[in-house]
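Take a look at the structure set out below.
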Amino acid sequence: MNLQLSLVLLSVAISGSICKGAENFRVYIGTYTGKESKGIYSCDLSTRDGSLSNLKLAAETLSPSFLTIHPNGKFLYSVNEVSNYKGERSGSATAYKIEGDQLTKLNEQSTGGDGPCYISVDHTGKVAMVANYGGGSVAAFPIGTDGSLGARSAFIQHTGSSVNPERQKEPHAHSINMDPENRFAIAADLGLDQLLAYRVDLEQGTLTPNNPPFSKVPPGTGPRHLSFTPNGKFAYVNGEMSNTVVGMSYNPKEGSFKVMQVLSTLPEGWNGTSWTAQTEVHPNGKFLYVSNRGHDSIAVYQIDRGGHLKYVENESTRGKIPRNFEIEPSGKFLVAANQDSDSLVVLKIDQKTGALEPAGHELQVPKPVCVKFLSVK
């Protein structure tokens, strides 16, 4: 590990410890806009009791369905999940400066593909990356010192298909994240049943296909979102189409995965229509959570030292279509975004078992689909 990355990871660890001592977090909420929602909203979360308050419209923008916050906490980025941007078959990505509970727009860039659904930033804060679901592609953008997005510096069109003729006849990139060592960007493509690995040049903002270029998950899985354990040894991807979670070991030198385990995200005996949405490892690395849209629940698992999962429970999100959720950095509460019931619901996390229970707090937010936290201590 080079000196620069070591210093970055030390800074992240220090900021993380600061967050864990915070009493309050600002919550930024991405939405689908329409009659009710106007863009990105913000509210406050108290880690004393899990209460939510002070809902405000932070920035008016079109369908900011996924958000991410810069490692320095000064900037926020969103995708705009549309199919036409300035006459081009593309969506866009927008940069904001965080100013209190408001967001000031810096600039926006075309993502090069339609239906962008995910955005992330590398651990040094130099490069932003986007997954275009409709376009089946990924893109990267250099980040300026002022937080703005530079012109697109990388674009890779995925090709191929998988076994489901309705949903996998073409690629559908659904997420892209840096691995814990900040060496590889991993893109989960629902249409290909692949986790594609790219080497990232942080100075140039380029993406280069790795060798091997991808790792496979079981056919028909439809991989969506990926989450690593804090030690970087294991990762978990939710199968949107198969209602499963796939546990994998990770080789950080090769940027490759090996499937260890596949478990259902639905309780035994339930056979209704459902799709997974989000997967997230608890900050302590001991628990895993996956949301189910249809069953409208969060599946809970314990993670053993070997990275294997043990099913704990399915807990209702007290709403419809929990598209996304986030665990606040202290690890006490999980906030679920129920898209079709226009609500954020707070669930308390049992620190010994990982089990969830209602914290008794919720907030009405129009069409919420993404939740991100920022310390406001």
- Message: For the range 110-141, give me each residue that is surrounded by fewer than 24 Cβ atoms within 10 Å (Cβ to Cβ), of a type in the set (V, I, T) and either modelled with pLDDT under 95 or under 17 Å from the mean Cα position of the chain (by Cα) (or both).
- Response: V121
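Yes or no, residue by residue, for (1) crowded, with 20+ Cβ neighbours inside 10 Å; (2) in contact with a Phe, Trp or Tyr (Cβ under 8 Å, 6 or more places away or on another chain); (3) modelled with pLDDT of 95 or more:
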site: F287; (1), (2), (3): yes, yes, yes
site: I303; (1), (2), (3): yes, yes, yes
site: K320; (1), (2), (3): no, no, yes
site: P358; (1), (2), (3): no, no, yes
site: V365; (1), (2), (3): yes, yes, yes
site: V371; (1), (2), (3): yes, yes, yes
site: K377; (1), (2), (3): no, no, no
- strands (runs of 3 or more DSSP E) (entirely within the range 70-164) containing at least 1 residues that are over 24 Å from P180 (Cα atoms): 75-80, 92-99, 102-110, 154-157
- Query: So which residues in the range 158-193 are in contact with a strand residue (DSSP E or B) (Cβ under 8 Å, 6 or more places away or on another chain) and of a type in the set (K, R)?
  - Reply: R183
- Message: Quick check on my filter: what residues within the range 294-314 are assigned to a strand (DSSP E or B) and farther than 22 Å from F373 by Cα?
- Response: Y301, Q302, I303, L309, K310, Y311, V312, E313, N314
- Scan the range 53-65 and give yes if some residue there is under 30 Å from D350 (Cα atoms), over 18 Å from the mean Cα position of the chain (by Cα), polar (S, T, N, Q) and at pLDDT 95 or above, otherwise no. yes
- Qualifying residue in the range 298-309 (condition: in contact with a Leu (Cβ under 9 Å, 6 or more places away or on another chain), of a type in the set (F, W, Y) and farther than 22 Å from P223 by Cα): no
- Going through (1) farther than 22 Å from S65 by Cα; (2) in a strand (DSSP E or B) one by one, L192 fails only at (2)
- Message: Checking the conditions here, which among V281, V246 is in contact with a Gly (Cβ under 8 Å, 6 or more places away or on another chain), aliphatic (A, V, I, L, M) and either modelled with pLDDT of 95 or more or surrounded by fewer than 20 Cβ atoms within 10 Å (Cβ to Cβ) (or both)?
- Response: V246
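Does I298 qualify as being surrounded by fewer than 22 Cβ atoms within 10 Å (Cβ to Cβ), aliphatic (A, V, I, L, M) and in contact (Cβ under 8 Å) with a residue 12 or more places away in the chain? Reasoning before the result, please.
Details: surrounded by fewer than 22 Cβ atoms within 10 Å (Cβ to Cβ): no; aliphatic (A, V, I, L, M): yes; in contact (Cβ under 8 Å) with a residue 12 or more places away in the chain: yes.
So I298 fails the test.
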- Query: Name the residues in the range 305-318 that are within 24 Å of G232 (Cβ to Cβ) and surrounded by 17 or more Cβ atoms within 10 Å (Cβ to Cβ), would you?
  - Reply: G307, L309, V312
- Residues in the range 208-217: is at least one out of contact with any Asp or Glu (no Cβ under 8 Å at 6 or more places or on another chain), within 24 Å of E254 (Cβ to Cβ), among the small types (G, A, S) and modelled with pLDDT of 95 or more? yes
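Residues are listed down the side, and each one gets a yes or a no for (1) hydrophobic (A, V, I, L, M, F, W, C); (2) within 23 Å of L67 (Cβ to Cβ); (3) within 18 Å of the chain's Cα centre (by Cα):
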| position | (1), (2), (3) |
| --- | --- |
| Q339 | no, yes, yes |
| K352 | no, no, no |
| V365 | yes, yes, no |
| V371 | yes, yes, yes |
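Evaluate the following for S46: is it under 24 Å from F333 (Cα atoms) and either touching a Pro at 6+ places or on another chain (Cβ under 6 Å) or without any contact (Cβ under 8 Å) to a residue 60 or more places away in the chain (or both)?
yes
So, in the range 342-356, exactly how many residues are surrounded by 19 or more Cβ atoms within 10 Å (Cβ to Cβ), out of contact with any Asp or Glu (no Cβ under 7 Å at 6 or more places or on another chain) and not β-branched (V, I, T)? Let's see the steps before the verdict.
Of the residues in the range 342-356, the ones surrounded by 19 or more Cβ atoms within 10 Å (Cβ to Cβ) are 343-347, 349, 354, 356.
If we keep only those that are out of contact with any Asp or Glu (no Cβ under 7 Å at 6 or more places or on another chain) too, we end up with 349, 354.
Retained after the next criterion (residues that are not β-branched (V, I, T)): 354.
Result for the range 342-356: 1.
Suppose we keep only residues that are more than 15 Å from N107 (Cα to Cα) and in contact (Cβ under 8 Å) with a residue 12 or more places away in the chain within the range 75-91. Which one would you say is farthest from the chain's Cα centre (by Cα)?
As a first pass, look at the range 75-91 and keep what is more than 15 Å from N107 (Cα to Cα): 81-84, 87-90.
Applying the additional criterion that residues be in contact (Cβ under 8 Å) with a residue 12 or more places away in the chain yields 81-84, 88-90.
Values: E81: 15, V82: 18, S83: 21, N84: 23, E88: 26, R89: 24, S90: 21 Å.
Within the range 75-91, the match that is farthest from the chain's Cα centre (by Cα) is E88.
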- Quick one: K320 ticks every box in (1) over 17 Å from D350 (Cα atoms); (2) in a strand (DSSP E or B); (3) of a type outside the set (S, T, Y) bar one, so which box is it? (2)
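The values are calculated or read from the model by the stated rules, or taken from the named source; none is laboratory data. What you see is a predicted model, and the numbers here were worked out from it, not measured in a lab. Heads up, the Cβs are rebuilt from the backbone with ideal geometry, glycines too, and the neighbour counts pull from every protein chain shown.
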